[in-house]
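Quick notes on the structure that follows.
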Amino acid sequence: MKLNRNYENIDDSYLFVEIAKRVAAYKEVHPEADVIRLGIGDVTLPLAPCVVEAGVKAVEEMGRAETFRGYSPDSQGYEFLRDAISKYYESFGVKVAPHEIHVSDGAKSDCGNIVDMFDDGNTVLIPDPVYPVYIDSNVMSGRKVIFCDATEDNGFAPTPDKKIKCDIIYLCSPNNPTGSVLNYEKLKEWVDYANSRGAVIIYDSAYEAFITEDGVPRSIFAVEGARTCAVELCSFSKTAGFTGTRCGYTVVPDELCGGKFAKMWARRQSTKYNGTSYIQQRMAEAAYSEEGISQCGENIAVYRKNAKVISDALDELGIFYTGGKNSPYVWLKCPQGMGSWEFFDYLLKNANVVGTPGAGFGKNGEGYFRLTAFGSEKNTEEAVKRIKNLLGT
């Protein structure tokens with residue numbers, strides 16, 4: 001027996017595990033410290049009332065023989081949810097057929113599993129800085145990963161270099177961690193680039209509900225030509241607060257690889273996955289109802305307000321940042337030339353505020369820092385007050 005030696009090529013500790021260790025060590029020495037966490041992108045507001053009601057009703061159905069459900073009839077998800085998702089896309093002008101939608105337990109799972117579709121010899125292109133799962137899942141599979149630079153000079157929203165050859169491209173807009181977005185023109189460049197090279201774009205749209213600006217697509221399928229080159233990973237985690245409930249979906253258009261990709265993905269899921277629970281799917285359906293979109297929108301409005309509070313403070317301090325608009329993430333340049341982990345420790349010890357060091361997202365993240373808008377209004381305002389007091393001097 002031989003273990004997969006590709007695991008030796010990834011860090012032993014996941015970024016957020018290291019953050020948790022440092023915070024725990026600080027709290028052990030300073031138990032009285034009121035630490036505010038604006039690091040991990042976990043939501044804090046409760047599920048929408050109609051979502052909870054749908055969950056309770058579904059649980060009650062599971063408690064009666066006449067309405068009990070076992071395995072899902074299709075690993076792609078129940079028709080009622082796929083229909084709801086299709087209508088949700090229609091609400092912002094994008095056509096996605098229900099049969100092109102594959103329901104799962106979250107976008108992160110799909111992001112890790114989608115690599116099963118590709119030969120190990122493919123070359124993967126990923127912007128840097130980046131969400132670690134994109135890299136790690138491919139390194140675990142032994143694939144070659146190359147990077148394109150997202151920097152302050154391009155607003156952390158790079159465009160393709162036509163001299164670079166690749167087979168798989170990862171894009172995320174609004175971006176995690178930088179909060180930057182790809183407008184229609186920039187996204188069209190990536191679509192044309194992928195089509196010209198026969199490459200596939202893995203497009204993460206987990207934060208699409210935060211987009212408010214005209215000209216910034218909420219789906220890659222709003223871009224002409226995307227249906228022949230893209231797969232879209234979507235999530236209820238941030239849109240509806242499902243980080244602890246778990247439900248997401250992947251859209252695979254019929255045109256991709258002449259329909260072969262969709263068949264392979266469905267086959268992969270039916271072999272390795274028994275489907276998302278009926279209860280979660282009913283809750284997700286409620287989140288995409290007219291009432292659900294309105295109620296979930298109230299929570300998103302709070303997070304948008306938090307992002308503005310953080311952004312306004314950085315404007316006052318004269319600190320460069322991206323995000324904060326169209327995104328729950330604010331990506332700031334560490335003051336006084338500090339390194340990412342240096343600023344993490346400085347902020348923790350002197351303001352009792354936790355963020356995420358940019359270095360954990362790649363080499364271009366060094367010297368930058370991510371704050372999230374997912375805290376409560378009270379905690380966000382207090383954290384910003386502490387940051388202003390600390391950095392204003």
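Only the coordinates and a few stated rules stand behind these numbers; no lab work does. The model shown is predicted, which means the values in this text are computed figures rather than measured ones. Neighbour counts run over all protein chains shown; Cβ positions are idealised from the backbone, glycine included.
Derived scalar couplings between HN and Hα for the stretch 184-197 equal 4, 5, 5, 5, 5, 4, 5, 5, 5, 4, 5, 5, 5, 10 Hz in order, rounded to whole Hz, by the Karplus curve 6.51 cos²θ - 1.76 cosθ + 1.60 (θ = phi - 60°), x for Gly and Pro. Rg and Dmax of the stretch 135-218, both derived from C-alpha coordinates alone, stand at 13.1, 40 Å. Altogether, the Stokes-Einstein calculation at 37 °C and 0.692 mPa s, with the Kirkwood radius of the stretch 178-307 over Cα pairs as Rh, returns a diffusion coefficient of 202 µm²/s. Put a dot 7 Å past the Cα of Asp42, heading toward its Cβ, do the same for Asp119, and the two dots end up 4.2 nm apart.
Of all the options Ile40, Ile101, Ile319, the one that moves most in a Gaussian network model of the chain with Cα springs shorter than 10 angstrom is Ile319.
Every pair of different Cα atoms in the stretch 20-114 enters the Kirkwood calculation, which places the hydrodynamic radius at 17.8 Å.
Within the stretch 314-346, list the residues whose amide N lies under 18 Å from a label point set 7 Å along Cα→Cβ of Glu381. Backbone N within reach: 314. Computed over the stretch 158-203, the P(r) curve from all C-alpha pair distances, binned at 10 Å from the origin, holds 27, 57, 16 percent per bin. Summing Lys and Arg as +1 and Asp and Glu as -1 over all other residues whose Cβ lies under 12 Å from the Cβ of Gly259 gives a net charge of 0. The calculated 222 nm mean residue ellipticity attributable to helices in the chain amounts to -12000 deg cm²/dmol, summing -39500 (n - 2.57) over DSSP H runs of n ≥ 4 and dividing by all residues. For the pair Glu152 and Lys388 in one chain, pulling the backbone fully straight at 0.36 nm per residue adds 82.7 nm over the alpha carbon distance. For the chain, the equivalent ellipsoid derived from the alpha-carbon gyration tensor has semi-axes of 33, 27, 21 Å in decreasing order.
How large is log10 I(q)/I(0) at q = 0.13, 0.17, 0.18, 0.20 Å⁻¹ when the Debye formula is applied to the Cα atoms of the stretch 243-393, each weighted equally and without solvent? Here the Debye-derived log intensity ratios amount to -0.78, -0.97, -1.02, -1.13. Most fluctuating residue of Ala48, Ala20, Ala222 in a GNM of the chain with Cα springs under 10 Å: which is it? The residue with the greatest mean-square fluctuation here is Ala20.
Of all DSSP beta bridges located in the chain, what percent are antiparallel, nearest 5? Once the DSSP bridges in the chain are tallied, antiparallel ones form about 50 percent. Computed over the chain with a Gaussian network model linking Cα atoms closer than 10 Å, the most mobile of Ser294, Ser205, Ser327 is Ser294. Measuring r between the beta carbons of Lys144 and Glu60 and using R0 = 35 Å, the FRET efficiency lands at 0.10.
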